[in-house]
C-alpha cells in the first residue's frame, strides 16, 4: 500500500520543522520552559527549606555548613525536648583506632548493657530498637547461632545450662554494609567507627541484607522517645534522635568515645566483661588483651575482620 | 506531525474503545486508587504498616521487583529467536516486547520506591545530583541500568509509534542498533539484579554463583509466558497475524529454558542437601519448614510442581500445540516463576536471620494493596500503549488515508520489510 498524506490535516513529518505554526510549542521551547521553571523553584525556596529537604551529604559540607546544620539541630531538639542540647560533630582524633573486647566467661546475660545503650543513644522506645542483642547459647553447642535464643527470660541469670553472647555492630575493617549502600550514606570513619548520615540514608535497607551480624536497625515507624529519658549530649553521626525511615546502628558511643569516655555498655557492665580502647596504643587495655589472651571474632570465615573481639578471660 | 499532534492522536486512540475496554480501565483505576490510599498511609506512618521487621528487612515489594525484572528482560530477549527463526511478524514481536518491557520496568521502579524508607530522598540516587556509591554498590549499578533500559525502550517504542502514525518508515539507523543493544541490556539488568543478592557473603541462601544463571533461565520462561498469552489475544481480537508456528516455537524454547531452570535448581538442592552445612537451613525452611514454621512450604512445592508440569506440557508437541494445554502451561510457568523468583527468593534468605532468629513473615493488607496498585499501573501503561500500537501495526490507521503518489516505501504493515 502506498504511503499517504493525511486526510485529517496531519502535516507530513518532513515538513515538521518549517511548517510549525507560530504559537505552537516546539520540543526545545518546552524543555527550556521546564528547565527555567525548575531553576526558578530552587531559587525561590527559602534557605531553610533547602537545608531541610535538599540537604547535602555530610561529607560534602563545608565547616560553615556543618555549623549551620548543628545550630539547626540544636534548635529543633531544644524546642522538642525543652532543654539545653549539645550537638557535636567532633571528627575522629589522629592516632586512634577503636577496638572492643568482650569476655564471654564473665558475661552473665543480665542485659544491663542493652538498656544502658538504649538510654544513652536515644533509641526508639516504640517501636523498640536495641543495638545490642544478647544471645543465650547452649553450653554443649558452643557458639551456634542456629540454636541461640535472644528472648531468654529465666528467673535468675546466669542460667547454669547456658552461656551468653552479646552481639552488636562488629565495626568491621572491611564492612559489607558500607560497600553496598547505593548512596554512600554510611561509611567507616578514620578511627574505625562505621557511622550513618541520617539525613542522607534513603532507607533501602540493602545494608541490613548485607550485615552478617544483624547489627543494623531500621526505623519502621516514627521513633518514640520520652522527653524525660532524652540524653541531650549528642553527636551528629551518633545518638541524635533519628527520623522515621532510616537505618541506625552502634557507633561505639561516638559522642563519648571521641572525648575519651567509655561507651555506655562498658561503663554499666557489672562484671567487667566489656573492654574498650585504642588499638594503636600498645599500652591500652585492649591491646594488652589481644596480646595476652587468645581472642577470636564472629564469622571469621566471611573476612569482615571485625574490631570487636571475644575472649575467655578466666 | 509535530510532537503535540502525536500526543493528540495518541490520546484519541486511547479514548476510543468499547465497553469492555472502559470497564477494564475503570477496574485498573479503581485498584490504583485503592492501593494509592494505602501508599499514602505508608508514606505517613512509615513501613511499620508492612510486616517487614529488622529480621526480614526485605519481602513482598523486593520479591515482586525481582520477578518483574525478569519479565522486563525476557520480553525483549524474545527478539533473538524472532530474528533467527524468521517468524515474519518480527516487528510485532519486537514492539510488543518493548512495550511489555517498558511496563514491567515502570513496575520494578515503583516497587523499589514503595520499599524505600525515605522516598522523598530518591534524588540521592540520581547521578550528578545525588551521590551514587560507584562502583562498589551493586544496587547503584542496578538503579542505573534499569533506568537506562527504561529510557532505551521508551525511545524505541516512541519512535516506532511516532513514525508509524506518520506513515513513515522507522529510521533503521536508530532502531536496529537500539533493538540489538536492548538484548544484551536485558541480560544485563537481570544479571546485575541477581548480583545484588549473590554478592552478599552474609546470606548463604543467595551467595551462590548459580544464582544469576538461574535468574536468566526462569526469566526466559516467565517473560515469554506472558507474551504467548498476549499474542493469542491479539491474534483473535485484532488483525495482527501471528503464525501458530511462531507460538509453538516459543513454547518449545520455553520447555528448554524450564528444563535448564529445574536442572540448576536441582544442582543447587543436591549441593545443599548432600553437604548439609549450616547453609542448608534456609532450604529446609523453604521446602520442609523449621521448628514449626511452615508458611512457605506449600508455595515451595507448588512452584516445583508447576515448573515440572509446564516443562512436560511444553516438551511434547501435541500438548504445546493444543490451545488449552498451551495456555495452561503458560499459567503454570507464571505461577511457578512468580513464587520462585518472588517470595521464594527473598524470604528464605532472611529466615532464620543472621543471628538464628526465626521471624515468619506474611504480607499485610497494606502491602497487598500497594502491590495491586503497582501491577495495575503496569497493566494500564501496557493497555494504553497497545491501544496506540495495535491500529498502527495492523495498518488500520494508515489504511484510513488516501494514497499519495511518489512515496511507496516504509509501509507500516505486518508484511513490511524489516529494518535488517
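Which of the residues belonging to region B:103-113 are closer than 12 Å to residue B:147 by Cβ and crowded, with 24+ Cβ neighbours inside 10 Å?
Selection gives B:105, B:108.
For residue A:11, state whether it is more than 11 Å from every other protein chain (Cβ to nearest Cβ), modelled with pLDDT under 75, more than 24 Å from residue A:186 (Cα to Cα) and not in a helix (DSSP H, G or I). So residue A:11 does not fit the description; no. Among the candidates A:114, A:96, the residue that is in contact with a strand residue (DSSP E or B) (Cβ under 8 Å, 6 or more places away or on another chain), at pLDDT 95 or above, within 30 Å of residue A:278 (Cβ to Cβ) and part of a loop (DSSP other than H, G, I, E, B) is uniquely A:96.
Screening the candidates B:138, B:106 for the property of being within 11 Å of another protein chain (Cβ to nearest Cβ) and at pLDDT 95 or above yields one hit, B:138. The residues of region A:53-73 that are farther than 20 Å from residue A:226 by Cβ, away from chain B (no Cβ under 14 Å) and surrounded by 15 or more Cβ atoms within 10 Å (Cβ to Cβ), listed by number, are A:69, A:70, A:72.
Note on region B:270-328: residues that are more than 29 Å from the chain's Cα centre (by Cα) and within 14 Å of chain A (Cβ to nearest Cβ) total 9. Looking only at region B:207-220, residues that are under 22 Å from residue A:175 (Cβ atoms) and crowded, with 21+ Cβ neighbours inside 10 Å come to 0 in all. Taking the criterion of being within 14 Å of chain A (Cβ to nearest Cβ), surrounded by fewer than 19 Cβ atoms within 10 Å (Cβ to Cβ) and in contact (Cβ under 8 Å) with a residue 40 or more places away in the chain, the residues of region B:17-50 that qualify are B:41, B:43.
So is residue A:167 buried (at least 16 other Cβ atoms within 10 Å of the Cβ) and more than 11 Å from chain B (Cβ to nearest Cβ) or not?
No; evaluated as a whole, the condition is false for this residue.
Could you tell me which of the residues B:152, B:148 is within 20 Å of the chain's Cα centre (by Cα), assigned to a helix (DSSP H, G or I) and farther than 27 Å from residue A:39 by Cβ? Exactly one residue qualifies, and that residue is B:152.
Checking every residue in region B:116-131 against the condition of being touching a strand residue (DSSP E or B) at 6+ places or on another chain (Cβ under 7 Å), within 7 Å of chain A (Cβ to nearest Cβ), within 27 Å of residue A:220 (Cα to Cα) and part of a loop (DSSP other than H, G, I, E, B) gives at least one match.
Among the helices (runs of 4 or more DSSP H) lying completely within region A:196-289, list those that include at least 2 residues that are within 14 Å of another protein chain (Cβ to nearest Cβ) and out of contact with any strand residue (DSSP E or B) (no Cβ under 6 Å at 6 or more places or on another chain).
A:206-210
For region B:151-160, the condition holds for no residue, the condition being that it is within 11 Å of chain A (Cβ to nearest Cβ), under 25 Å from residue B:376 (Cα atoms) and crowded, with 19+ Cβ neighbours inside 10 Å. Of the residues that make up region B:335-354, is at least one assigned to a helix (DSSP H, G or I) and out of contact with any helix residue (DSSP H, G or I) (no Cβ under 9 Å at 6 or more places or on another chain)? No, region B:335-354 has no match at all. Of all residues in region A:184-195, those being at the interface with chain B (Cβ under 9 Å from one of its Cβ atoms) and crowded, with 24+ Cβ neighbours inside 10 Å number 1.
Among residues that are within 11 Å of chain B (Cβ to nearest Cβ), without any contact (Cβ under 8 Å) to a residue 60 or more places away in the chain and under 15 Å from the mean Cα position of the chain (by Cα), residue A:172 is not included. Total residues in region B:390-420 satisfying the condition of being part of a helix (DSSP H, G or I) and either modelled with pLDDT of 90 or more or under 16 Å from residue B:169 (Cβ atoms) (or both): the figure is 4. Summed over region A:274-306, the residues that are touching a helix residue (DSSP H, G or I) at 6+ places or on another chain (Cβ under 9 Å) and under 24 Å from residue A:258 (Cβ atoms) give a count of 11.
Being assigned to a loop (DSSP other than H, G, I, E, B) and either within 14 Å of another protein chain (Cβ to nearest Cβ) or within 30 Å of residue A:233 (Cα to Cα) (or both) is the filter here, so list the residues in region A:298-314 that pass it.
Correct list: A:298, A:299, A:303, A:304, A:305, A:307.
Only helices (runs of 4 or more DSSP H) whose full extent lies in region B:219-328 are considered here, and the ones with at least 3 residues that are in contact (Cβ under 8 Å) with a residue 24 or more places away in the chain and under 30 Å from residue B:396 (Cα atoms) are B:244-275. For region B:174-206, the candidate set comprises residues that are within 17 Å of the chain's Cα centre (by Cα) and surrounded by fewer than 23 Cβ atoms within 10 Å (Cβ to Cβ); within that set, the residue that is nearest to the other protein chains (Cβ to nearest Cβ) is B:192. The residue list B:266, B:289, B:309 contains one member that is surrounded by fewer than 21 Cβ atoms within 10 Å (Cβ to Cβ) and under 28 Å from residue A:144 (Cβ atoms), which is B:289. Quick check on region A:256-272. Is at least one of its residues touching a residue at least 24 places away in the same chain (Cβ under 8 Å), within 19 Å of residue A:187 (Cβ to Cβ) and touching a helix residue (DSSP H, G or I) at 6+ places or on another chain (Cβ under 8 Å)? Among the residues of region A:256-272, not one is touching a residue at least 24 places away in the same chain (Cβ under 8 Å), within 19 Å of residue A:187 (Cβ to Cβ) and touching a helix residue (DSSP H, G or I) at 6+ places or on another chain (Cβ under 8 Å), which makes the answer no.
Annotation: residue B:173 fulfils all but one of (1) part of a helix (DSSP H, G or I); (2) in contact (Cβ under 8 Å) with a residue 24 or more places away in the chain; the unmet one is (2).
When A:239, A:233, A:219 are checked against the criterion of being farther than 20 Å from residue B:203 by Cα and out of contact with any helix residue (DSSP H, G or I) (no Cβ under 7 Å at 6 or more places or on another chain), a single residue qualifies: A:219.
Residue-wise test of (1) in contact with a helix residue (DSSP H, G or I) (Cβ under 7 Å, 6 or more places away or on another chain); (2) farther than 27 Å from residue A:61 by Cα.
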site: A:98; (1), (2): yes, no
site: A:114; (1), (2): no, yes
site: A:136; (1), (2): no, yes
site: A:160; (1), (2): no, yes
site: A:178; (1), (2): no, no
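The values are calculated or read from the model by the stated rules, or taken from the named source; none is laboratory data. What you see is a predicted model; the values in this text were computed from it and never measured. A quick note on method: Cβ atoms are made from the backbone with ideal geometry, for glycine too, and the neighbour counts reach across all protein chains shown.
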